[in-house]
Amino acid sequence: MTAQIIDGKALAETLRQTFKARVEALTARGQRPGLVVILVGEDPASQVYVRNKVNGCLAIGMHSEKIVYPADIAPRVVLDKIAELNADPQVHGILVQLPLPAQFDEQEILEAISPEKDVDGFHAENVGALLQGQPHFIPCTPYGVMKMLEAAGIDLTGKEAVVIGRSNIVGKPMAALLINAGATVTVCHSKTRNLAEHVRRADLVVAAVGRAKFVTPDMLKPGAVVIDVGINRLPDGSLCGDVDFAACQSVAGQITPVPGGVGPMTITMLLANTIEAAERKAGLR
Ligand code: NAD
C-alpha cells in the first residue's frame, strides 16, 4: 500500500483564490481586511514567517504591514502600540510574532490584543470559546489541519485520534478541535509512557513534536491518516517533518508531506481569520 498524499500546498492555493472575491467585496464596502504583524528582535526564522504572512495578505488584495522593534524594546512600548491598533478601524487582525525576548510576559502581550482582532486565536477568551465548542478565532495551524482533513473527506466521528505534542499553539487546540469533531482523542507529550502503544491505536495521528522523523512506520496502524505539523531543519539544510515520511508512506492510508503539507495551510488560515474579522465588522457574519 502507498499512502495517498494530502497536498496542503494545492489546497492552500485553491482557498487563497476563493478569498480574493471576499477581499474585493469587503474593499468595496470600505472594509479592506487589514493585518498588522508585530516583530520584536531579529530572529531569522521569525523574519521569514513575518515576511510570508505580510506577502500572503498583499497577494490577495488585503492590507498588511509589519512593525519591527529592536530586541531590547520595553514591553510598555509594544503594549501601547497594541492599544493603538485595537482602536484603529482599518486594522482587523493583530498578530505578535512569537517567541518574544526574555523581558516580555508573552501571556500579557497576547491578552492585550482585543479578542475581536486576535487572528492567532491565542487570547484566553478565544481559547475558552474553542474549548466550549463555540470558536471565534481558531489557531491557524490546527485550523489548517482541520481544513485538510475536511478536503480529504475524512469523517472523524468516533475515530481514535492521537495528537503528539501539547503546546498552546498546536497540540492543545488541535485536541480541542478533534474532540469537537467527534473523535476520541489522546494527547501524548514528553512525559507520556509507552507512546508507541498509544499511536498504534490511532486512526488519525497528528505529530507536533519538533523532532525530525520522530514517528516511524512501526508506530502506525495500517491505513492511518498521518498529519505532520513538524518543521525541522536537517544538518544538510533541508526541511523535514516529525514523521519519517518515506518509511511511513507504505503503512499510512493518507499522509501529509513536509514541505507542502501543513505549512502552507497555516498562513492561509491566518488570511481566513483576518477576512472573517473584517466580515464580522462589516456585519456580513
Ligand atoms: P513546542 O516545542 O511548543 O511543543 C512540542 C511538544 O512536543 C511539547 O508539548 C512536548 O511535550 C512534546 N514532545 C517533545 N519531545 C517529546 C517526546 N520525546 N515524546 C513525546 N512528546 C514530546 O512546539 P510547537 O510550537 O507545538 O511546534 C511543534 C512542531 O511543529 C515544531 O517542529 C514546529 O516548528 C512545528 N510548527 C509548524 C507549524 C506549521 O505551520 N507547519 C506551526 C507551528 C509549529
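One table, with the values for the structure above:
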{"item": "Check on residue 54, free of Cβ contacts under 8 Å to residues at least 40 places away in the same chain, assigned to a helix (DSSP H, G or I) and surrounded by 16 or more Cβ atoms within 10 Å (Cβ to Cβ)", "result": "yes"}
{"item": "In the range 213-242, the residues that are within 11 Å of the ligand (Cβ to nearest atom) and either in contact (Cβ under 8 Å) with a residue 12 or more places away in the chain or buried (at least 18 other Cβ atoms within 10 Å of the Cβ) (or both)", "result": "214, 215, 227, 228, 229, 230, 231, 232, 239, 240, 241, 242"}
{"item": "Top-ranked residue of the range 140-197 - restricted to ones that are near the ligand (Cβ under 9 Å from one of its atoms) and small (Gly, Ala, Ser), ranked as surrounded by the fewest Cβ atoms within 10 Å (Cβ to Cβ)", "result": "190"}
{"item": "When residues of the range 250-271 are limited to those that are small (Gly, Ala, Ser) and away from the ligand (no atom under 14 Å from the Cβ), the one farthest from the chain's Cα centre (by Cα)", "result": "250"}
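Values in this text are rule-based calculations from the coordinates and carry no lab data. Because the structure is a prediction, the values reported are computed rather than measured. Positions of Cβ are backbone-derived with ideal geometry, glycine not excepted, and every protein chain shown enters the neighbour counts.
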